[in-house]
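Here the structure is laid out as structure tokens; the discussion comes afterwards.
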Amino acid sequence: MAKSPAIADSPACQPPTQKHAHVIICLEKLREQSHLPPSKNRPSAAALYGAITAALRPLFSNMAHEKLFLAGVKWTKNQNIALHPGTEGGTAKFLAGHSKTIWSAIRPLLGVTEDCEPPAFDTDDKWHSVVFHGVPMPACRADTIKFFAQHRDLIEGWVTSPASQGTLREYSVLCRPGDLEKKQSIALRMSFSSEADADRLVKNGGYIFGAACRVSRYVPKTRSPSPTLHD
């Protein structure tokens, strides 16, 4: 009988060769901020798998069903965590949609304190990025980046609706921290899982803090400062 992909990280335990979108829990930011223990003390893939399936189990009437949605967990070479959906009905979108439940389950195993900002749950799906122009500054300009980092639910409420076909995947402040005091307004980059949602915003514009904002396609520059990311 073949081993479960959650038991070990050996090549024999890799997910099926057929391409399926998976979810990467991006731990780089937490690692840079020294919120993670040394690699030698990291929890095993089996421990992570057990914690995640236990957390997802209440979502199913049949306890065996979680295996259909999560085939296995694997540490990547970049020291991130890969979640591989089950081959029978599992989707990366489902797993990413329950990121709060999953993170709450594995955070204690990673030794991360509750007040740390949750990591991004990235998928293989193509993202569609736009830029909101003329976004009003928060009351304390010096804390602009911190404000947006701590208010993801607020941002999502402004840029998505019940009619949205996808989700907000990532957003970032397009401004160097040292330039914030000089700004009357800023630009926000927003990345969506749905092209239709991005198209709608480009066509109709959007609102941040109740202010109407022009929305354009995001065009990457060859040389630009790395924005502060919030997932």
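The values are calculated or read from the model by the stated rules, or taken from the named source; none is laboratory data. Quick caveat, the model's predicted, so the values are computed rather than measured. With ideal geometry, Cβ positions are generated from the backbone for all residues, glycine too; neighbour counts draw on all protein chains shown.
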Search result, residues across the stretch 103-155 that are touching a strand residue (DSSP E or B) at 6+ places or on another chain (Cβ under 8 Å) and among the β-branched types (Val, Ile, Thr) | ILE106, THR123, VAL130, VAL131, VAL135, THR144, ILE145, ILE155
Do we have any residue at all in the stretch 149-163 that's of a type in the set (A, V, I, L, M, F, W, C) and touching a helix residue (DSSP H, G or I) at 6+ places or on another chain (Cβ under 6 Å)?
-> no
State which residue pairs qualify: first residue within 16 Å of TRP103 (Cβ to Cβ) and inside the stretch 25-47, second residue buried (at least 17 other Cβ atoms within 10 Å of the Cβ) and of a type in the set (Phe, Trp, Tyr) in any location, beta carbons under 9 Å apart, and separation of 6 or more residues or different chains.
-> ILE25/TRP103; ILE25/PHE121; CYS26/PHE121; ARG42/TRP75
Can you confirm whether the stretch 187-200 contains a residue that is over 17 Å from VAL215 (Cβ atoms), surrounded by fewer than 20 Cβ atoms within 10 Å (Cβ to Cβ) and of a type in the set (D, E, K, R)?
-> no
Out of LYS183, LYS221, LYS126, sole residue that is modelled with pLDDT of 85 or more and not polar (S, T, N, Q) | LYS183
Taking the residues in the stretch 156-166 that are crowded, with 17+ Cβ neighbours inside 10 Å and not small (Gly, Ala, Ser) as candidates, determine which candidate is nearest to VAL215 (Cα to Cα).
-> VAL159
Tell me which residues, restricted to the stretch 103-150, are basic (Lys, Arg) and assigned to a loop (DSSP other than H, G, I, E, B).
-> LYS126
